[in-house]
Amino acid sequence: MKLSEIARLQQYLRTAFDNNRFTVKPPKKEGHPVEVYVGEQFVGVLHRDEDEGEVSYSLQVAILEEDLPLD
């Protein structure tokens, strides 16, 4: 993913969630997904999909059961 796309996605997330603490970081290794953070907390990865000339992005967030509040 190009740096310009990463910057646009970061701005989109900040606006969509009204939270300027979102940071989208390029992958550490080529071919890996970009990483999404809120502050220092890693929250998920972004994938780019191109199909028949149309581009879309998906945000994958994993929530561990141990991180959930108790009942």
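The values are calculated or read from the model by the stated rules, or taken from the named source; none is laboratory data. As the structure is a prediction and not an experimental result, all values here were calculated from the model. Neighbour counts are summed over all protein chains in view; Cβ atoms, including those assigned to glycine, are modelled from backbone coordinates with ideal geometry.
Of all residue pairs spaced 6 or more apart or on separate chains, those with beta-carbon atoms under 9 Å, a first member in the range 18-34 that is under 12 Å from Lys2 (Cα atoms) and of a type outside the set (Phe, Trp, Tyr) and a second member that is in a loop (DSSP other than H, G, I, E, B) and at pLDDT 95 or above are Val34/Pro26. Taking the numbered list (1) more than 15 Å from Val61 (Cα to Cα); (2) in contact with a strand residue (DSSP E or B) (Cβ under 6 Å, 6 or more places away or on another chain); (3) not hydrophobic (A, V, I, L, M, F, W, C) in turn, Asn20 passes all entries but (2).
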